[in-house]
Amino acid sequence: MNKLTSLKYLEMKDIAINISRNLKDLNQKYAGLQPYLDQINIIEEQVAALEQAAYKLDAYSKKLGNHFYLS
């Protein structure tokens, strides 16, 4: 019984070591990708601002077109 328990604990230890190693690898990959993710966030914010400007410009041009159409 003790040998079986000991083997199970050794197996669990190996699994924990592999999980830890894989987690470290993933963290390193994430750290390498972080600058690109930051750039994506900045671009996303710029696109949102550009969309708002486009909507405002569209509304203004429609208003201006109606003004000249009615005049």
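Structure summary
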{"item": "Criterion: modelled with pLDDT under 95 and not β-branched (Val, Ile, Thr) - qualifying residue of Gly32, Gly65", "result": "Gly65"}
{"item": "Lone qualifier among Asp58, Asp38 - being over 23 Å from the mean Cα position of the chain (by Cα) and either surrounded by 10 or more Cβ atoms within 10 Å (Cβ to Cβ) or among the small types (Gly, Ala, Ser) (or both)", "result": "Asp58"}
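The values are calculated or read from the model by the stated rules, or taken from the named source; none is laboratory data. Treat the numbers as computed from the prediction; the structure is a model and nothing was measured. When we count neighbours, we look across all protein chains shown, and the Cβ atoms used for this are built from the backbone with ideal geometry, even at glycine.
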